[in-house]
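S.K.: Below: one structure in structure tokens.
The values are calculated or read from the model by the stated rules, or taken from the named source; none is laboratory data. Keep in mind that this is a model prediction, so the values were computed, not measured. As a convention, Cβ positions derive from the backbone with ideal geometry for all residues, glycine included, and neighbour counts pool all protein chains shown. Note: accessible area is taken over every heavy atom of the protein model, side chains too, but ligands, DNA and RNA are not part of it. Shrake-Rupley method; radii C 1.70, N 1.55, O 1.52, S 1.80 Å.
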Amino acid sequence: QVQLVESEGGWVQAGGSLNVSCAASGRSFSSYTMGWFRQAPGKEREFVAAIDWNTGTTTYADSVKGRFAIVRDNAGNLVYLQMNSLKPEDTADYYCAAAVRRPLWSARRPTDYDYWGQGTQVTVSS
């Protein structure tokens with residue numbers, strides 16, 4: 001079983017930056033398309049970013065494009081979400097997720113993913 005563990009989130013002022021990471025157990029990390037999702041109170045879980053297992057190509061939700069970056073370190077079984085120019089509307093619980101050999105074009109919905117982290121809270125204040 002694959003275990004995904006996110007780093008601690010935190011509080012940040014609007015316009016600031018925050019990085020969160022996700023550490024994966026196991027030996028098959030390089031075979032996983034990795035994604036980040038977020039869920040705000042009273043809202044559905046929404047796609048944030050993903051990185052393809054095979055090509056390394058990334059894709060982003062329009063709401064974060066140009067501000068966030070997803071990166072992976074296959075040697076360390078790590079995926080990062082680098083968040084810049086944060087806005088109050090970015091406040092949410094952030095989840096990393098893994099999808100086994102899933103192409104990027106089909107890795108935008110929560111149901112596309114096989115494994116999930118526990119979530120980490122990010123709060124952006126004005």
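S.K.: On the basis of being among the hydroxyl-bearing types (Ser, Thr, Tyr), out of contact with any strand residue (DSSP E or B) (no Cβ under 6 Å at 6 or more places or on another chain), within 18 Å of Gln118 (Cβ to Cβ) and surrounded by fewer than 15 Cβ atoms within 10 Å (Cβ to Cβ), does Ser85 make the cut? Show your work before the answer.
M.R.: Details: among the hydroxyl-bearing types (Ser, Thr, Tyr): yes; out of contact with any strand residue (DSSP E or B) (no Cβ under 6 Å at 6 or more places or on another chain): yes; within 18 Å of Gln118 (Cβ to Cβ): no; surrounded by fewer than 15 Cβ atoms within 10 Å (Cβ to Cβ): yes.
Spelling it out, it is not the case that Ser85 is among the hydroxyl-bearing types (Ser, Thr, Tyr), out of contact with any strand residue (DSSP E or B) (no Cβ under 6 Å at 6 or more places or on another chain), within 18 Å of Gln118 (Cβ to Cβ) and surrounded by fewer than 15 Cβ atoms within 10 Å (Cβ to Cβ).
S.K.: Let me ask something else about it. Which residues, counting only those in the stretch 92-126, are of a type in the set (Ser, Thr, Tyr) and over 14 Å from the mean Cα position of the chain (by Cα)? Let's see the steps before the verdict.
M.R.: If we filter the stretch 92-126 for residues that are of a type in the set (Ser, Thr, Tyr), which is where we start, we get 94-95, 106, 111, 113, 115, 120, 123, 125-126.
Scanning the stretch 92-126 gives Ser106, Thr111, Thr123, Ser125, Ser126.
S.K.: Can you give me the number of residues within the stretch 20-40 that are in a loop (DSSP other than H, G, I, E, B), touching a residue at least 40 places away in the same chain (Cβ under 8 Å) and not hydroxyl-bearing (Ser, Thr, Tyr)? If you could, list the steps in order and put the result at the bottom.
M.R.: In the first step, residues of the stretch 20-40 are kept if they are in a loop (DSSP other than H, G, I, E, B); the result is 25-28, 40.
Next, only the ones that are touching a residue at least 40 places away in the same chain (Cβ under 8 Å) stay: 25-26, 28, 40.
Narrowing the set further to residues that are not hydroxyl-bearing (Ser, Thr, Tyr) leaves 26, 40.
Of the residues in that region, 2 qualify.
Residue-by-condition table, conditions (1) open to solvent by less than 30 Å² (accessible area, probe 1.4 Å); (2) in contact with a Cys (Cβ under 9 Å, 6 or more places away or on another chain); (3) closer than 11 Å to Met34 by Cα; (4) assigned to a loop (DSSP other than H, G, I, E, B):
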| position | (1), (2), (3), (4) |
| --- | --- |
| Trp53 | no, no, yes, yes |
| Gly56 | no, no, yes, yes |
| Gly66 | no, no, no, yes |
| Val79 | yes, yes, yes, no |
| Ala99 | yes, no, yes, no |
| Arg102 | no, no, yes, yes |
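S.K.: Related question: If a residue has to be open to solvent by 60 Å² or more (accessible area, probe 1.4 Å) and not small (Gly, Ala, Ser) to count, how many in the stretch 1-30 make the cut?
M.R.: 8
S.K.: Cβ-Cβ under 9 Å, sequence separation 6+ or interchain: first residue in the stretch 76-91 and β-branched (Val, Ile, Thr), partner assigned to a helix (DSSP H, G or I). Which pairs?
M.R.: Val79/Phe29
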